[in-house]
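What follows is a set of notes on a single structure, which appears directly below.
The values are calculated or read from the model by the stated rules, or taken from the named source; none is laboratory data. As the structure is a prediction and not an experimental result, all values here were calculated from the model. Please note: Cβ atoms are built from the backbone with ideal geometry, for glycine as well, and neighbour counts cover all protein chains shown.
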Number of protein chains: 2
Amino acid sequence: MAKIAPISGFPEWLPAGRIVEQRMIDMLRHTFELHGFSGIETRAVEPVERLLSKGETSKEIYLLRRLQDEAGADSELGLHFDLTVPLSRYVLENAGHLDFPFRRYQIQKVWRGERPQDGRFREFLQADVDVVGQDTLAFHHEIELPLVMVDALSKLPIPRVRILASNRKVAQGFYEAIGLEDVEETLRILDKLDKVGPQAITEMLIDSVGANEQQARLALELAGIRADDASVADRVLALGYRSDLLDEGLGELVALVEGANDLIPGAVMADLKIARGLDYYTGSVYESVLEGHEDLGSVCSGGRYDSLVSDGKKSYPGVGLSIGVSRILARVIGQDLLTPSRKVPTVVLVAVNDEGERRHAEKTAQALRKRGIAAEVSPNSAKFGKQIRYADRRGIPYVWFSTDDGEQVKDIRSGDQVGADAGVWTPPTVDLSPELRGSHE
Amino acid sequence: MAKIAPISGFPEWLPAGRIVEQRMIDMLRHTFELHGFSGIETRAVEPVERLLSKGETSKEIYLLRRLQDEAGADSELGLHFDLTVPLSRYVLENAGHLDFPFRRYQIQKVWRGERPQDGRFREFLQADVDVVGQDTLAFHHEIELPLVMVDALSKLPIPRVRILASNRKVAQGFYEAIGLEDVEETLRILDKLDKVGPQAITEMLIDSVGANEQQARLALELAGIRADDASVADRVLALGYRSDLLDEGLGELVALVEGANDLIPGAVMADLKIARGLDYYTGSVYESVLEGHEDLGSVCSGGRYDSLVSDGKKSYPGVGLSIGVSRILARVIGQDLLTPSRKVPTVVLVAVNDEGERRHAEKTAQALRKRGIAAEVSPNSAKFGKQIRYADRRGIPYVWFSTDDGEQVKDIRSGDQVGADAGVWTPPTVDLSPELRGSHE
């Protein structure tokens, strides 16, 4: 039998950590629904050739096969590695039953067969929002979607998240204007700027896309531009190059930062080093950082795509972002930045005097639950001290006793004990469910 | 590229169906927490040899391999096919950090590489509750756990579910008393009674466990006993056989039906044809039927196990049940037994007069969301009739207008339109989120 041990890259939480995770999922869901997004859940598997159509992830895919497979019948299925490929397939498959623009959120596990390393998992939770249009999708959704994420993330008890944005048209327009023709490869190289530094980027540009020194310098100058208002366009134009595409992209980028920051001040910063390696983005692209945890990398990313999804007759342009929930959680749980006020949902432990009175205790618990108060009955009829320790170890705040003087409830934190009726007694709201406590607040 | 089509055995819902599923999950979670169970989530994969230690499911397992696997390093991982094997591994792995008895619930997808057929899926959602003790676990949990499920299921807007229970000690004690020695095989055969009928069972008992006609007749007579009170024991004893194990089992079975039905009348029926094929059960076993949908088979099953989990030093006996959420959902969604009052979470569509006023509309939506009212802004500034149709198609009940006479909100169901302030206006509570409507109610 295999040794019992964690499997690298497949994080799991103890019950206290799961309370934090579940609470974060609930809060994200709540915000997404406040913004009118419908939740969907897609199957974990997709046909491998569909997964492979997004080339660069090919080596990260987990394939499935049945243990006693007769003819390899399922070998063409793989686990999804993101929620965008499943969304595109779901939209095409169900287009006749969906209303467009289709606003959907999806909070689900994804799997990647990567070598696990700090902040990278093989199984992890993503929370995505996308708006998908049929044939057309108005630009204003490129302002709307990052704001949904800023709203969602700002309600979580985590450090502040700021969205960094660029626009694929700005990059492409600029690269073409300075004479770099392999835009995709140039983007892929610039995407590594934070990791490898400007010197290495210069060399890669010269080696891979045939840039000269000046073109490499200009590409790096563009990548160095950062502003949260219209000045971002002035600084790009000051580099001395123009094109229709560049102008269009700058118009959108300025509309994004101005529009977004008017609705939520400080929400979005234009940052032209944001490249997003994925070649299907066609407009705005987004990354983000968790303040004080920049080493984690982007915790929320996405962009506008025009041609990811098409059935040959209609196209389905979209814009969306994805939160790396597990990446954030691993940090806040791992560093004890967030802990629940108790490890269990139970508010009241109903003590049992002796086993003959268990039925009575069960009925007390039943009466409490009927009024929304989580209650469990002591698993044994040991001495009261032991039953109180049972509650104390789990953080259960109240113990209920049946005494000769009638029913009583003790707040084991303060020691206060009062007469009580299970059909009436109500704890303070703050005690009804575990509260999250953040060390950074 | 693969044709876009559903994959047999991997059910997915449209957004309206997902509302039903999500609501059911939320209601289950709520009840489980009211009973003091902690939620956990385990990774989707387990080492294959751990999955295989529960022999009879071996051919149903999905194995994983990475697309570009160098050395088959991950080939020993498979997707979990239930939530019991992961629970046992989780308990062993984390025993030092858990408090016993450990009360946990888990609502998660599981995968089985079965040939899909009616009511059987390859990917489906299960909702499990278990109590796991360290070395010992009191019998009263065998009364408690089915009641948690009855409570949880009775709160769902689905037909009534009744738990059918037997006790492994009754079956084993009786078979041994009548001289049938291969108890496990006898149980596996009796488990097929509903499918194949008594004649086939008799033949199988004679062929496989060497029963004579009388032994086969007695085994079938035992399986025909059904009662919701202590008379179940009288009827078994009336067959004329006794043993210590049989007496112990009958004592537990009577305590279960009497105790359970005292707390929730009609909750549990003793039904001695319940066998549960799985050989790790050692005490109470449970199945259940959805009234009016008996053809679905058991929608909630489980039992007591003493030796499923052990690390050689300590053992971890438990009792638990599992709800086949997808099986229930496929029926209630598939037959339109439950539909949401609308397809989207949105309460208010904020209309846009022209694109220049979009920012104003966004601020209105923001003010509504701040007070917990789900709002989205019209994706276009088409004629109002078209914007109202956008809301109508999705079932959004209110459209918000900015007019020369000030802000107004229209209930598009009644046509009523009133002046309103986004910082104050509140819809009736019933409109705040989609309601489920059941056709069976």
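I'm trying to understand the selection: among the residues of segment A:361-378, which are within 7 Å of chain B (Cβ to nearest Cβ) and in contact with a Lys or Arg (Cβ under 9 Å, 6 or more places away or on another chain)?
Result: A:A375, A:E376.
With the condition kept exactly as written, say whether any residue in segment A:358-374 is in a strand (DSSP E or B) and among the charged types (D, E, K, R).
Here is the first cut: in segment A:358-374, the residues in a strand (DSSP E or B) are none.
No, segment A:358-374 contains no residue that is in a strand (DSSP E or B) and among the charged types (D, E, K, R).
Do you know which of the residues in segment B:76-130 that are more than 10 Å from every other protein chain (Cβ to nearest Cβ) and in a helix (DSSP H, G or I) is surrounded by the fewest Cβ atoms within 10 Å (Cβ to Cβ)?
B:G96
Considering each of B:V352, B:V332, B:V348 in turn, give the residue that is in contact (Cβ under 8 Å) with a residue 24 or more places away in the chain, touching a Pro at 6+ places or on another chain (Cβ under 9 Å), buried (at least 22 other Cβ atoms within 10 Å of the Cβ) and over 22 Å from A:V150 (Cβ atoms).
Working: B:V352 fails: over 22 Å from A:V150 (Cβ atoms); B:V348 fails: over 22 Å from A:V150 (Cβ atoms).
Exactly one of B:V352, B:V332, B:V348 is in contact (Cβ under 8 Å) with a residue 24 or more places away in the chain, touching a Pro at 6+ places or on another chain (Cβ under 9 Å), buried (at least 22 other Cβ atoms within 10 Å of the Cβ) and over 22 Å from A:V150 (Cβ atoms), namely B:V332.
The rows are residues; the columns are (1) hydrophobic (A, V, I, L, M, F, W, C); (2) surrounded by fewer than 17 Cβ atoms within 10 Å (Cβ to Cβ).
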site: A:R358; (1), (2): no, no
site: A:E376; (1), (2): no, no
site: A:I412; (1), (2): yes, no
site: A:V424; (1), (2): yes, yes
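Based on what the data block shows, is A:E221 among the acidic types (D, E), within 22 Å of A:G197 (Cα to Cα) and either assigned to a helix (DSSP H, G or I) or modelled with pLDDT of 95 or more (or both)?
Numbers: among the acidic types (D, E): yes; within 22 Å of A:G197 (Cα to Cα): yes; either assigned to a helix (DSSP H, G or I) or modelled with pLDDT of 95 or more (or both): yes.
Considered against the rule, which asks whether it is among the acidic types (D, E), within 22 Å of A:G197 (Cα to Cα) and either assigned to a helix (DSSP H, G or I) or modelled with pLDDT of 95 or more (or both), A:E221 comes out as yes.
Surrounded by 20 or more Cβ atoms within 10 Å (Cβ to Cβ), over 23 Å from A:V131 (Cβ atoms) and over 26 Å from the mean Cα position of the chain (by Cα), is that true of A:L222?
Values: surrounded by 20 or more Cβ atoms within 10 Å (Cβ to Cβ): yes; over 23 Å from A:V131 (Cβ atoms): yes; over 26 Å from the mean Cα position of the chain (by Cα): yes.
The answer is yes for A:L222.
The rows are residues; the columns are (1) in a helix (DSSP H, G or I); (2) within 22 Å of B:A138 (Cβ to Cβ).
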{"position": "B:G303", "(1), (2)": "no, yes"}
{"position": "B:K313", "(1), (2)": "no, yes"}
{"position": "B:L321", "(1), (2)": "no, yes"}
{"position": "B:A330", "(1), (2)": "yes, no"}
{"position": "B:I333", "(1), (2)": "yes, no"}
{"position": "B:T339", "(1), (2)": "no, no"}
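Name the residues in segment A:96-122 that are within 13 Å of the chain's Cα centre (by Cα) and touching a residue at least 40 places away in the same chain (Cβ under 8 Å), would you? So that I can check it myself, show each step before the final result.
Within segment A:96-122, the first condition is being within 13 Å of the chain's Cα centre (by Cα), and the residues that meet it are A:105-110.
Within segment A:96-122, A:Y105, A:Q106, A:I107, A:Q108, A:K109 qualify.
Give me a count of the residues in segment B:8-29 that are crowded, with 16+ Cβ neighbours inside 10 Å, in contact with a Lys or Arg (Cβ under 9 Å, 6 or more places away or on another chain) and in contact (Cβ under 8 Å) with a residue 40 or more places away in the chain.
Residues flagged as crowded, with 16+ Cβ neighbours inside 10 Å, in contact with a Lys or Arg (Cβ under 9 Å, 6 or more places away or on another chain) and in contact (Cβ under 8 Å) with a residue 40 or more places away in the chain within segment B:8-29 amount to 8.
Taking the residues in segment A:131-167 that are within 23 Å of A:L272 (Cα to Cα) and modelled with pLDDT under 95 as candidates, determine which candidate is surrounded by the most Cβ atoms within 10 Å (Cβ to Cβ).
For segment A:131-167, the residue satisfying everything is A:V161.
Which of the residues spanning segment B:226-241 are assigned to a helix (DSSP H, G or I) and in contact with a strand residue (DSSP E or B) (Cβ under 7 Å, 6 or more places away or on another chain)?
Restricting attention to segment B:226-241, the residues satisfying the condition of being assigned to a helix (DSSP H, G or I) are B:231-237.
Those that are assigned to a helix (DSSP H, G or I) and in contact with a strand residue (DSSP E or B) (Cβ under 7 Å, 6 or more places away or on another chain): B:V232, B:R235.
In segment B:30-50, which residues are in a strand (DSSP E or B) and in contact (Cβ under 8 Å) with a residue 40 or more places away in the chain?
Residues of segment B:30-50 that are in a strand (DSSP E or B), as a first pass: B:38-39, B:45-47.
The answer is B:S38, B:G39, B:E46.
Determine whether B:G210 is more than 30 Å from B:E21 (Cα to Cα) and assigned to a helix (DSSP H, G or I). Step through it out loud before you land on a result.
On the way: more than 30 Å from B:E21 (Cα to Cα): yes; assigned to a helix (DSSP H, G or I): no.
No.
Pick from segment A:381-394 the residues that are crowded, with 17+ Cβ neighbours inside 10 Å and not hydrophobic (A, V, I, L, M, F, W, C): which of them is nearest to the other protein chains (Cβ to nearest Cβ)? Step through it out loud before you land on a result.
Step one: list which residues in segment A:381-394 are crowded, with 17+ Cβ neighbours inside 10 Å, which gives A:381, A:387-388, A:390-391, A:394.
So of that shortlist, the ones also not hydrophobic (A, V, I, L, M, F, W, C) come out as A:381, A:387, A:390, A:394.
On the way: A:S381: 10, A:Q387: 13, A:Y390: 8, A:R394: 6 Å.
By that ranking, first place goes to A:R394.
Looking only at residues that are part of a loop (DSSP other than H, G, I, E, B) and closer than 22 Å to A:W13 by Cα in segment B:131-151, which one is nearest to the other protein chains (Cβ to nearest Cβ)?
Filtering first and then ranking leaves B:G133.
Does A:S322 meet the test of being surrounded by fewer than 19 Cβ atoms within 10 Å (Cβ to Cβ) and within 25 Å of A:V91 (Cβ to Cβ)? Please lay out each step first, then the result.
Details: surrounded by fewer than 19 Cβ atoms within 10 Å (Cβ to Cβ): no; within 25 Å of A:V91 (Cβ to Cβ): yes.
Spelling it out, it is not the case that A:S322 is surrounded by fewer than 19 Cβ atoms within 10 Å (Cβ to Cβ) and within 25 Å of A:V91 (Cβ to Cβ).
Looking only at residues that are part of a loop (DSSP other than H, G, I, E, B) and over 40 Å from the mean Cα position of the chain (by Cα) in segment B:405-420, which one is farthest from B:I373 (Cα to Cα)? Explain how you work it out, then say what you get.
The initial filter retains those residues of segment B:405-420 that are part of a loop (DSSP other than H, G, I, E, B), namely B:405, B:412-416, B:420.
With over 40 Å from the mean Cα position of the chain (by Cα) added as a condition, the list becomes B:405, B:415-416, B:420.
Working: B:D405: 23, B:G415: 20, B:D416: 19, B:A420: 14 Å.
The extreme case among them is B:D405.
What is the residue count in segment B:242-298 for residues that are assigned to a loop (DSSP other than H, G, I, E, B), polar (S, T, N, Q) and crowded, with 19+ Cβ neighbours inside 10 Å?
First, pick out the residues of segment B:242-298 that are assigned to a loop (DSSP other than H, G, I, E, B): B:242-243, B:264-267, B:272-280, B:291-293, B:297-298.
If we keep only those that are polar (S, T, N, Q) as well, we get B:243, B:298.
Okay, now just the ones that are also crowded, with 19+ Cβ neighbours inside 10 Å, so B:298.
The qualifying residues number 1.
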